[in-house]
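S.K.: One structure follows; several queries about it will come next.
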């Protein structure tokens, strides 16, 4: 990664000498900031007048432009006094993560004597004193004691620059390892940590490093202190450990070794509420916390995942070059990584992503069941699904197509897999969040409970004998009608998922950009699809896809097939909860006068809960003595 190295300090500290030597040692260009003063500044200084902040503004902006221009080509060294933090902010504007600061520090007497001992050089003590009073010591700079020889200063600077890592990855499970390789393949110098558990996890990081040539410049640790100290400040540490209490334990283990303004990134499937708690807790310690959703599985983590960071925007800006570089890219070459919003919003949308994923998987499972009931074997099911790619292309459709082709011996592997579906909790969290926010994410809960039902394998076997089910007739449906039912249900699924995000954004005042969220889900993530690509543009016009003309037309076109498919499956005792719920939900959400009036009457009857009236718009509550 190219860097601009600013060498700073008060007059007489040796900036030009050290800067020149450093540039030669690193074989990169050297620039003296004083050479870039405008004529007006030179004339003012020549007349004995000190420059003010207004005089310096344009000069500092010129040096910032110089730095940006050089970074397109190579690293460089620029010397500039940069005594105030606001000067350094201007110098590093938009290139903070490509900027290194070297502060040449010494005492007043040390520098005063050094300057005045030089031939033809005399600095009044008042002027030097003024510089020391102006100096605001930089944070996160490599500070060099000018009492060292220039050679030793250069040696130490080079050591600190070359031997500290830009990014740390904590936890080398499947995803952690893939992200490490991704970072290394993109030219980042990283440090990797995995815990040491005698006899269980020993030398995990070192052994992992030895496996892959791209990790040759990476550092491997099983000691937390050494790991943290190997990182440039502000430290950027991404946690890829199990969600839950483990995150809190890791944070407590890290805290004694961290410095103010260091950044922790949680890349696991953490609950968004816990992310908010951790954000607030670490903020009180002066540490930034970024809750980050990461989707794409092992392959995505290696080749480019979809990344959903949230928290403090300034902290995100300091990790953006890393996350955006390793993320997948959309069809326009933009990173499938964006700052989502404050608090735990990134973890929230990853949670909803997983809920939508549950439904997409359930729909494909149901479709496969229907095709099997039509008499298709796994090869034929695969061929049918493959024929749908032009109409309903998605990553999950692609992998399901491949799954039905896979054989083990003379039989298809899918037929040998136990029919008990697991889950890691995110579908459960999504359902709970929907209930808490009062949003009817019925397809997500249906897909979740379908997994729960599947887990009761023994009871299902018992009850299948007690309630013998048989086909009452041949399935009178075509594969095209099944495809249209699948497309219908997917639209409803995406409506519900983004509706949940939209309602959470309003409730928590997150101001989420639905179009941008859809965009970062067009590649790298598990729910990427052509439908998601359509939604990028749709969400620029509306937050409700069921009010968009294109989707109104599609839903109306696909609904007759969906009704027929669901009806035929019901008549033949085929289990299609997600397809069925898609129709029921649309019927409910498009019903002008629902049956809830009866429920309100019942509530008033037994609990005096009152009700509103259609013929009274005042909002007045009514109660009736029903007996």
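S.K.: Based on what the data block shows, is residue 434 within 28 Å of the chain's Cα centre (by Cα), part of a helix (DSSP H, G or I) and either at pLDDT 95 or above or over 23 Å from residue 373 (Cβ atoms) (or both)? Write out each step before concluding.
M.R.: On the way: within 28 Å of the chain's Cα centre (by Cα): yes; part of a helix (DSSP H, G or I): yes; either at pLDDT 95 or above or over 23 Å from residue 373 (Cβ atoms) (or both): yes.
It is true that residue 434 is within 28 Å of the chain's Cα centre (by Cα), part of a helix (DSSP H, G or I) and either at pLDDT 95 or above or over 23 Å from residue 373 (Cβ atoms) (or both).
S.K.: Another question, if that's okay. Say whether the condition of being within 13 Å of the chain's Cα centre (by Cα) and either at negative phi or in the same structural domain as residue 410 (by TED's automatic domain parsing) (or both) is met by at least one residue in the range 353-363. Before you say what the answer is, go through the steps one by one.
M.R.: Kept after step one, since they are within 13 Å of the chain's Cα centre (by Cα), are these residues of the range 353-363: 353.
Cutting the leftovers down to either at negative phi or in the same structural domain as residue 410 (by TED's automatic domain parsing) (or both) gives us 353.
Scanning the range 353-363 turns up at least one residue that is within 13 Å of the chain's Cα centre (by Cα) and either at negative phi or in the same structural domain as residue 410 (by TED's automatic domain parsing) (or both).
S.K.: Among the candidates 244, 297, single out the residue that is surrounded by 14 or more Cβ atoms within 10 Å (Cβ to Cβ) and under 18 Å from residue 180 (Cα atoms).
M.R.: Answer to the selection: 297.
S.K.: Could you grab me the full set of residues in the range 437-447 that are outside any helix (DSSP H, G or I) and surrounded by fewer than 23 Cβ atoms within 10 Å (Cβ to Cβ)? Step through it out loud before you land on a result.
M.R.: Here is the first cut: in the range 437-447, the ones outside any helix (DSSP H, G or I) are 438-441.
Once the filter is applied, which keeps residues that are outside any helix (DSSP H, G or I) and surrounded by fewer than 23 Cβ atoms within 10 Å (Cβ to Cβ), the range 437-447 yields 438, 439, 440.
S.K.: Further question on the same structure: Looking at 300, 293, 311, which one is touching a strand residue (DSSP E or B) at 6+ places or on another chain (Cβ under 6 Å) and within 19 Å of residue 171 (Cα to Cα)?
M.R.: Values: 300 fails: touching a strand residue (DSSP E or B) at 6+ places or on another chain (Cβ under 6 Å); 311 fails: within 19 Å of residue 171 (Cα to Cα).
It is 293.
S.K.: Now, a different point. Kindly provide the set of residues from the range 504-529 that are more than 25 Å from residue 436 (Cβ to Cβ), in contact with a strand residue (DSSP E or B) (Cβ under 7 Å, 6 or more places away or on another chain) and surrounded by fewer than 23 Cβ atoms within 10 Å (Cβ to Cβ), ordered by number.
M.R.: Selection gives 529 alone.
S.K.: Let me spell it out: the conditions are (1) more than 40 Å from the chain's Cα centre (by Cα); (2) at pLDDT 90 or above; (3) over 17 Å from residue 93 (Cβ atoms), and residue 36 meets all of them except one. Which number is the exception?
M.R.: All conditions are met except number (3).
S.K.: Need the failing condition index for residue 285 against (1) buried (at least 18 other Cβ atoms within 10 Å of the Cβ); (2) over 13 Å from the mean Cα position of the chain (by Cα), just the number.
M.R.: In the conditions (1) buried (at least 18 other Cβ atoms within 10 Å of the Cβ); (2) over 13 Å from the mean Cα position of the chain (by Cα), residue 285 misses (1) alone.
S.K.: Hey, any hits in the range 589-604 for a residue that's in contact (Cβ under 8 Å) with a residue 40 or more places away in the chain and closer than 30 Å to residue 483 by Cβ?
M.R.: Residues of the range 589-604 in contact (Cβ under 8 Å) with a residue 40 or more places away in the chain: 589.
Subset that is closer than 30 Å to residue 483 by Cβ: 589.
Looking through the range 589-604, at least one residue is in contact (Cβ under 8 Å) with a residue 40 or more places away in the chain and closer than 30 Å to residue 483 by Cβ.
S.K.: Still on this model: Taking the condition of being in a loop (DSSP other than H, G, I, E, B) and farther than 24 Å from residue 259 by Cα, how many residues in the range 154-179 meet it? Show your work before the answer.
M.R.: Applying the first criterion (in a loop (DSSP other than H, G, I, E, B)) to the range 154-179 yields 163-164, 166, 171-173.
Narrowing the set further to residues that are farther than 24 Å from residue 259 by Cα leaves 173.
Looking only at that region, the number is 1.
S.K.: Here's another thing I want to ask about it. Keeping to the range 327-337, report how many residues are out of contact with any strand residue (DSSP E or B) (no Cβ under 8 Å at 6 or more places or on another chain) and in contact (Cβ under 8 Å) with a residue 40 or more places away in the chain. I'd like the intermediate steps shown before the answer.
M.R.: Step one: of the range 327-337, the residues out of contact with any strand residue (DSSP E or B) (no Cβ under 8 Å at 6 or more places or on another chain) are 330-334.
From the residues that got through so far, the ones that are in contact (Cβ under 8 Å) with a residue 40 or more places away in the chain too are 330-331, 334.
Residues that pass the stated criteria total 3.
S.K.: Turning to a different aspect of this structure: Test residue 151 against the stated conditions and say whether it is surrounded by fewer than 20 Cβ atoms within 10 Å (Cβ to Cβ), under 28 Å from the mean Cα position of the chain (by Cα) and not in a loop (DSSP other than H, G, I, E, B). Break it down stepwise before answering.
M.R.: Numbers: surrounded by fewer than 20 Cβ atoms within 10 Å (Cβ to Cβ): yes; under 28 Å from the mean Cα position of the chain (by Cα): no; not in a loop (DSSP other than H, G, I, E, B): yes.
So residue 151 does not fit the description; no.
S.K.: Have a look at 503, 481, 516 and point out the one that is over 20 Å from residue 310 (Cα atoms), touching a residue at least 24 places away in the same chain (Cβ under 8 Å) and not in a loop (DSSP other than H, G, I, E, B).
M.R.: Sole residue among the options that is over 20 Å from residue 310 (Cα atoms), touching a residue at least 24 places away in the same chain (Cβ under 8 Å) and not in a loop (DSSP other than H, G, I, E, B): 481.
S.K.: On the basis of being surrounded by 15 or more Cβ atoms within 10 Å (Cβ to Cβ), over 13 Å from residue 12 (Cβ atoms) and assigned by TED's automatic domain parsing to the domain that holds residue 66, does residue 146 make the cut?
M.R.: Working: surrounded by 15 or more Cβ atoms within 10 Å (Cβ to Cβ): yes; over 13 Å from residue 12 (Cβ atoms): no; assigned by TED's automatic domain parsing to the domain that holds residue 66: yes.
No.
Here's the yes/no breakdown for (1) in contact with a strand residue (DSSP E or B) (Cβ under 6 Å, 6 or more places away or on another chain); (2) closer than 23 Å to residue 353 by Cα; (3) free of Cβ contacts under 8 Å to residues at least 40 places away in the same chain; (4) assigned to a helix (DSSP H, G or I):
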| site | (1), (2), (3), (4) |
| --- | --- |
| 248 | no, no, yes, yes |
| 251 | no, no, yes, yes |
| 256 | no, no, yes, yes |
| 261 | no, no, no, no |
| 268 | no, yes, yes, no |
| 273 | no, yes, no, yes |
| 277 | no, yes, yes, yes |
| 280 | no, no, yes, yes |
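S.K.: Just one of 319, 340 is in contact with a helix residue (DSSP H, G or I) (Cβ under 6 Å, 6 or more places away or on another chain) and either at negative phi or without any contact (Cβ under 8 Å) to a residue 24 or more places away in the chain (or both); which is it?
M.R.: Working: 319 fails: in contact with a helix residue (DSSP H, G or I) (Cβ under 6 Å, 6 or more places away or on another chain).
Going through 319, 340 in turn, just one is in contact with a helix residue (DSSP H, G or I) (Cβ under 6 Å, 6 or more places away or on another chain) and either at negative phi or without any contact (Cβ under 8 Å) to a residue 24 or more places away in the chain (or both): 340.
S.K.: Right, next: What number of residues in the range 209-228 are in contact with a helix residue (DSSP H, G or I) (Cβ under 7 Å, 6 or more places away or on another chain), over 18 Å from residue 186 (Cα atoms) and assigned to a helix (DSSP H, G or I)?
M.R.: Here the count works out to 3.
S.K.: A follow-up question, please. Show the residue pairs meeting these rules: Cβ distance below 7 Å; 6+ apart or different chains; first residue within the range 356-377 and within 15 Å of residue 529 (Cα to Cα); second residue modelled with pLDDT of 95 or more and surrounded by fewer than 20 Cβ atoms within 10 Å (Cβ to Cβ).
M.R.: These pairs meet every condition: 360/396; 361/396; 364/396.
The values are calculated or read from the model by the stated rules, or taken from the named source; none is laboratory data. All values reported here derive from a predicted model rather than from experimental measurement. Reconstructed Cβ throughout: ideal geometry from the backbone, glycine too, with neighbour counts over all protein chains shown.
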